[in-house]
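Asker: Okay, here's the structure, questions in a sec.
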Amino acid sequence: NTIYVLNGPNLNLLGLREPEIYGDDTLDDIAGMLEDRARELDLRIDMRQSNHEGHLVDWLHEAQAEGARAVILNAGAYTHSSIAILDAMKAIVTPVIEVHLSNPHARERFRHHSHISKAAKGTIAGFGALSYVLALEAAARL
Ligand code: DQA
């Protein structure tokens, strides 16, 4: 009953990084919110962050190998560039929910296209830390 929550590049700086765009919550704050809600839903959260593309690929494979129920993925800027992450999502049957704190469609043009959406069960974006909690609600119902 584990949900992997995978976070990509620069999300370790959450809370400090462009707070007007990404909010004041740190990744630890978000982990706390998810753990509180997960407890109520009888789920377990495995929250990770890496600035390295290959780690995200490995963790997607691991999610399937370990029988995770779903993956919540904020791939950061790799969203817009990574065919390797897209392929990893296609290579597993574990459902992946794409999340973003900001609404990429309301931002620069280069953020409008997501490579990974093609293989995502669905996408939740634009609600700050709440995007993650909404993704957990969705994961619990899959
Ligand atoms: C982001 C949006 C991406 O465009 C950006 O590169 C990020 C964070 C978000 O959560 O809003 O690093 O994924």
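Asker: Using only alpha carbon pairs under 8 Å that are at least six residues apart, calculate the relative contact order of the chain and give it in whole percent.
Answerer: Answer for the chain is 27 percent.
Asker: Could I ask something else about it? Which log10 I(q)/I(0) values, to two decimals, does the chain give at q = 0.16, 0.17, 0.20 Å⁻¹ under the Debye formula with one point per Cα?
Answerer: These q points yield log10 I(q)/I(0) values of -0.76, -0.87, -1.25.
Asker: Using just the helices of the chain, give the 222 nm mean residue ellipticity in deg cm²/dmol: DSSP H runs with n ≥ 4 each add -39,500 (n - 2.57), and the total is spread over all residues, rounded to 500.
Answerer: About -11000 deg cm²/dmol.
Asker: Hey, in the GNM for the chain with a 10 angstrom Cα cutoff, which one of 20, 35, 53 fluctuates hardest?
Answerer: Ranking 20, 35, 53 by mean-square fluctuation puts 20 first.
Asker: Give me Rg/Rg_expected for the stretch 1-72, where Rg uses Cα atoms only and Rg_expected = 2.2 N^0.38 Å with N residues. Display every interim value, and only then the final one.
Answerer: Numbers: Rg = 13.0 Å, N = 72, 2.2 N^0.38 = 11.2 Å.
Taking the Cα Rg and dividing by 2.2 N^0.38 Å, one obtains 1.16.
Asker: Give me a comma-separated list of calculated 3J(HN,Hα) values for the stretch 26-39, in order, Karplus coefficients 6.51, -1.76, 1.60 applied at θ = phi - 60°, integers in Hz, x for any Gly or Pro.
Answerer: So the J values, rounded to whole Hz, are 8, 5, 5, 4, 5, 4, x, 4, 5, 5, 4, 5, 4, 4.
Asker: Quick one: 127, 110, fewest Cβ neighbours within 10 Å first, how do they rank?
Answerer: Arranged by neighbour count, lowest to highest, 127, 110 become 110, 127.
Asker: Suppose each label sits 7 Å from its Cα in the direction of the beta carbon; what would the residue 142-residue 65 distance come out to in nanometres?
Answerer: 1.9 nm
Asker: Moving to a separate point now. Counting only other residues whose beta carbon sits under 13 Å from that of residue 17, what net charge do I get with K and R as +1, D and E as -1?
Answerer: The answer is -4.
A short reminder: the numbers here are calculations on the coordinates, not readings from a lab. Here the structure is a predicted model, which means the values were calculated and not measured. Neighbour counts run over all protein chains shown; Cβ positions are idealised from the backbone, glycine included.
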